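A.B. asks: So that we are looking at the same thing, I have put the structure below in structure tokens.
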Amino acid sequence: MNKKVILSVVVVLLTATLMACQLSGLVPTTAAPTPTTSTALPVAQAVNLVDQQDKLVSLYQAVRPGVVTIQTSNALGSGWVYSSDGYIVTNQHVVEAETKVEVDFPTGYKTYGTVVGADPNSDLAVIKVDVPAEQLHPLALGDSDSLQIGQIAVAIGDPLTLSGSMTTGIISGLGRSEDSNAQSTGGAYFAAGDFIETDALLNHGNSGGPLLNLDGQVIGVNRSIQIDPNTGTSSGLGYAISVNVVKRVIPELIQKGKFDYPYLGVSTLDNLPLKVIDELGLKNTTGAYVTSVVPNGPADQAGLRAGTQPTSITNLNSGGDLIIAVDGQPVQVFADMIRYLVLHKSPGDTVTLTVLRGDQKVDATVTLGTRP
């Protein structure tokens, strides 16, 4: 399985990293076209490229004043201006346990900011700065529910300390799930939901910076990259926290300093190969299979069941519930359920989980708890 790593820069490694980048020969070589090959673009295509170029130039000029650098005692990341009253958004893993951080503006103005809230579950944090009004250029928020795979995505931030760097790509996937930075009492990491997958180039230092659409609206907060375990290099896939999660979490961090996540109290498996599906005796090829239920947790109190009958697969028991819907919304994989809960539900709300229990379809009403 590929490994995902968060994107803040560790300060002590910056010099070595920059030297390595400067010394490596990264100029690609391409074969010259044969004399019979035409390299001219059709007129319409050339015009479209110029139009897109002008669009990107204008986007950068409009958005760049709202993107800032975040420095702590041992890390560097990016951030962006959320509001005209001095609130800055970044990643929780950028600020970590710090209560005061340095915020550097594109104008060269620098100040200390106070961390008013940090949430390890969403990996979002809010910093408050007291600066002249002309330093604050809030970025407009988009709607991640309206995104489509294939749309252009633009990232602006400080990769490898290169302030204000811009990269482009497309939205490669939607509704992804990743491990959060919050651990359960058993040591496992809770899941975080509704990540945007993009092939816009991200590097260490992009953490906390905005992912944007072509209208210059924030559609996500850059968070991590996928690492190829064989080479230790980026696989070309990056992940950003969706802006609709930002819209839920950030106001709560500003008002209360924390955000309470809804909690089911189950562990599941999904996207199973046919051999495992047959071994478990499941009647569906999609859904989230319940492997464990937290004693006295919300799911346990609602009667959800984990597998108890040993199979030929080590540590995998059959007989568990297969979650196929939440409040009537289909659940093909666990990420579908997490996304729905994070975006639409709060602790104390009730949800109806539809499960396959053997040959029977059962509805279970669960009163959501608060994630510990």
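Please treat every number below as a calculation from the coordinates, not as lab data. Predicted model only: the values in this text are computed from it and were never measured. All Cβ positions, even for glycine, are placed from backbone atoms using ideal geometry, and neighbour counts span all protein chains on display.
A.B. asks: Please give the peptides 220-226, 235-241 ranked by average Cβ packing (other Cβ atoms within 10 Å per residue), highest first, as a rough proxy for protection.
C.D. replies: 220-226, 235-241
A.B. asks: Counting other beta carbons within 10 Å of each Cβ, put 344, 204 in order, fewest first.
C.D. replies: Placing the least packed residue first, the sequence is 344, 204.
A.B. asks: Springs between alpha-carbon pairs under 10 angstrom, Gaussian network model over the chain: which of 142, 113, 303 fluctuates most?
C.D. replies: Residue with maximal mean-square fluctuation among 142, 113, 303: 303.
A.B. asks: Could I ask something else about it? Between the alpha-carbon centers of segment 69-111 and segment 210-233, tell me the distance in whole angstrom.
C.D. replies: For segment 69-111 versus segment 210-233, the Cα centre distance is 18 Å.
A.B. asks: Can I ask one more? From the Cα gyration tensor of segment 276-316, with a ≥ b ≥ c the square roots of its eigenvalues, which class applies: rounded if a/c is under 1.5, or else prolate if a/b is larger than b/c, or else oblate?
C.D. replies: oblate
A.B. asks: Among 242, 146, 312, 165, what is the fewest-to-most ranking by other Cβ atoms within 10 Å?
C.D. replies: Going from least to most buried by this count: 312, 146, 165, 242.
A.B. asks: Where Lys and Arg each count +1 and Asp and Glu each count -1, what net charge lies around residue 209 among other residues with Cβ under 14 Å from its Cβ? Provide the component values of the computation, followed by the final result.
C.D. replies: On the way: positive: 64, 223; negative: 104, 123, 158.
Net of charged neighbours comes to -1.
A.B. asks: Bin width 5 Å, alpha-carbon pairs only: give the P(r) of segment 262-370 as whole percents, running from 0 to the bin holding the largest distance.
C.D. replies: Once binned at 5 Å, the Cα pair distances of segment 262-370 give 2, 13, 25, 27, 18, 10, 4, 1.
A.B. asks: Could I ask something else about it? Kindly put 166, 337 in sequence by how many other C-beta atoms sit within 10 Å of each C-beta, fewest to most.
C.D. replies: Ascending number of Cβ neighbours within 10 Å: 166, 337.
A.B. asks: I need the helices of the chain that pass two filters: whole DSSP H segments spanning 18 Å or more by Cα along the axis, and mean Kyte-Doolittle score no lower than -0.5.
C.D. replies: 43-63, 243-256
A.B. asks: Next question. Quick one, what does Rg over Rh come out to for segment 66-187 if you take C-alpha atoms and the Kirkwood Rh? Don't jump to the answer; show the numbers that get you there.
C.D. replies: Numbers: Rg = 15.4 Å, Rh = 15.7 Å.
Rounded to two decimals, Rg/Rh equals 0.98.
A.B. asks: Express in whole angstrom the spacing between the alpha-carbon centres of segment 358-372 and segment 116-145.
C.D. replies: Cα centroid to Cα centroid, the span is 35 Å.
A.B. asks: What is the distance, in nm, between label points placed 7 Å from the Cα along the Cα-to-Cβ direction at residue 344 and at residue 148?
C.D. replies: 2.2
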